[in-house]
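Visitor: After the structure tokens below, expect a handful of questions from me.
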Amino acid sequence: MRFDSKIVLITGGAGGIGRATAHAFAREGALVVLAGRDEAALAAAVKEIGSDRADHVVADVADPASAAGMVEAVAGRHGGLHVAVNNAGIFSAAGPVADIDPAAWNAVLAVNLTGVFLSMKHEIAHMRAHGGGAIVNVSSNIGAHGRRPGLAAYAASKAAVSVLTRTAALDHVADGVRVNAVSPGATDTPMSLLPGESHAERAERMRTSAPSGRVSETGEVAETILWLASGASSHVVGHDLVVDGGVTA
Ligand code: NAP
């Protein structure tokens with residue numbers, strides 16, 4: 001039980017990668033708190049995991065007061081916060097740069113980048129004052145390669161998350177807070193389906209374009225997150241671990 005009696009906050013915890021990560025932490029003895037905007041989805045995920053092992057908090061990570069309240073609620077209800085997984089994100093094919101609506105650009109950056117900043121700001125402040133902790137931000141391999149036309153806002157937001165992870169790690173390693181990131185490639189959630197694409201079409205696309213020939217399973221991303229949050233990676237600081245079957249190798 002790698003996370004026995006640890007309190008773990010997972011933003012976007014009712015979604016594909018977040019939910020698999022919540023299950024994995026709960027199996028390892030953690031009490032997981034799932035955050036997101038949709039209360040019904042969060043409650044369903046908590047029920048699936050078991051209300052003795054999971055809780056939820058409604059929060060919008062892009063909103064400064066809501067992000068602060070999220071961390072306050074976790075620590076207040078459960079007496080601490082040891083691990084945070086900043087996984088909430090939105091995908092947007094906003095189009096070629098010349099055609100991107102500035103409002104669409106801002107919406108993506110507000111959740112994917114500012115949401116990670118706001119979440120970390122409050123998580124780290126709590127951890128620093130209470131003996132340290134570990135944070136894993138969920139970025140994307142597109143942040144490293146950018147080779148997907150029409151996805152400039154999403155790609156830029158993820159590149160920024162990877163850099164923010166490194167700087168935050170250096171800012172706070174001496175405070176006992178370890179910050180790392182995971183960068184999945186296409187993973188088996190609806191987010192990796194192109195507009196109108198079926199699961200079979202995605203499988204064929206991956207078979208011909210990815211070195212491993214397939215998407216990542218959510219559990220494969222979850223296990224990487226658990227490793228980065230665990231004592232097994234105690235001297236890994238500011239790293240961005242890619243899980244993409246060799247796409248960016
Ligand atoms: P998902 O199923 O859509 O999950 C995203 C989660 O984020 C949802 O639970 C959503 O819940 C939450 N969320 C969105 N905006 C939020 C906000 N403002 N405040 C709080 N929560 C918010 O997608 P996923 O595929 O699991 O993606 C999880 C993360 O992995 C994302 O950061 C994504 O960019 C990254 N990623 C995914 C892939 C992939 O192929 N799937 C690849 C690389 C990286 P609510 O809408 O209820 O708030």
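Computed from the coordinates by the stated procedures, all read-outs in this text should not be read as laboratory data. Everything quoted here is computed from the prediction, not taken from an experiment. Neighbour counts run over all protein chains shown; Cβ positions are idealised from the backbone, glycine included.
Visitor: What is the angle, in °, between the Cα long axis of helix 115-129 and the longest principal axis of the Cα atoms in the chain? Nearest 10 is fine, range 0 to 90.
Guide: For 115-129 against the chain, the angle is about 20 degrees.
Visitor: Also, quick follow-up: Once you have the Cα-Cα distance between Ala174 and Ser5, take 0.36 nm times their residue separation minus that, and quote the gain in nm to one decimal.
Guide: 58.4 nm
Visitor: Spin-label point model (7 Å from Cα, Cβ direction): what's the Asp38 to Asp63 distance in nm?
Guide: Result for the modelled spin labels: 1.7 nm.
Visitor: Angle between the Cα long axis of helix 199-209 and the longest principal axis of the chain, 0 to 90 degrees, nearest 10?
Guide: The angle comes out at about 80 degrees.
Visitor: Could I ask something else about it? Rounded to the nearest 500, what is the chain's calculated 222 nm mean residue ellipticity when only DSSP H runs of at least 4 contribute -39500 (n - 2.57) each, over all residues?
Guide: Working: 9 runs with 109 residues, N = 249.
The per-residue figure over the chain is -13500 deg cm²/dmol.
Visitor: Follow-up. Could you bin all the Cα-Cα distances of region 62-185 into 10 Å bins starting at 0 and give me the percent of pairs in each, rounded to whole numbers?
Guide: Calculated over all Cα pairs of region 62-185, the distribution is 14, 42, 30, 12, 2 percent.
Visitor: Any chance you could tell me what percent of the C-alpha pair distances in region 1-113 go past 24 Å?
Guide: Cα-Cα pairs of region 1-113 separated by over 24 Å account for 28 percent.
Visitor: If the chain between Ile100 and His199 were fully stretched, how many nm would it gain, using 0.36 nm times the residue separation less the Cα-Cα distance?
Guide: The Ile100-His199 span can extend by a further 32.9 nm.
Visitor: Here is a follow-up. Taking the Cα centre of region 36-182 as origin, work out the dipole magnitude from +1 charges on Lys and Arg Cβ and -1 charges on Asp and Glu Cβ, in debye rounded to 20.
Guide: Here the size comes out at about 460 debye.
Visitor: If I take the Cα coordinates of the chain and project them onto the principal axes, what are the three extents in Å, biggest first?
Guide: On the principal axes, the chain reaches 47, 38, 34 Å in Cα extent.
Visitor: Right, something else. Cα centroids of region 193-220 and region 100-156: how far apart, whole angstrom?
Guide: Answer, in whole Å: 24.
Visitor: Let me know the volume per residue of the alpha-carbon convex hull for region 72-127, in Å³.
Guide: Cα-based convex hull of region 72-127, divided per residue, equals 82 Å³.
Visitor: Let me ask another. So how tilted is helix 152-172 from the main axis of the chain? Cα-based, degrees 0 to 90, rounded to 10.
Guide: Approximately 30 degrees, to the nearest 10.
Visitor: Between His235 and Arg27, what length in nm is gained on full extension when 0.36 nm per residue of separation is reduced by their alpha carbon distance?
Guide: 72.5 nm
Visitor: Got a sec? Charge dipole of region 141-240, +1 on Cβ for Lys and Arg, -1 for Asp and Glu; which of Gly146, Met206, Ala169 is way out at the positive end?
Guide: Of the options given, the answer is Gly146.
Visitor: Turning to a different aspect of this structure: How about Lys47: which lysines have a C-alpha closer than 21 Å to its C-alpha, ignoring those fewer than 8 places off in the same chain?
Guide: Lys6
Visitor: Relative to the Cα centre, what is the charge dipole magnitude of the chain, using +1 at the beta carbon of each Lys and Arg, -1 at the beta carbon of each Asp and Glu, and rounding to the nearest 20 debye?
Guide: Details: 19 positive and 24 negative charges, 77 e Å.
Once rounded to the nearest 20, the dipole reads 380 debye.
Visitor: Also: How many percent of the alpha carbon pairs in region 142-249 exceed a separation of 22 Å? Don't jump to the answer; show the numbers that get you there.
Guide: Numbers: 2179 of 5778 pairs.
Here the tail beyond 22 Å accounts for 38 percent of pairs.
Visitor: Which of Ile17, Ile49, Ile225 moves the most in a Gaussian network model of the chain with Cα springs under 10 Å?
Guide: Checking each option, the largest mean-square fluctuation is seen for Ile49.
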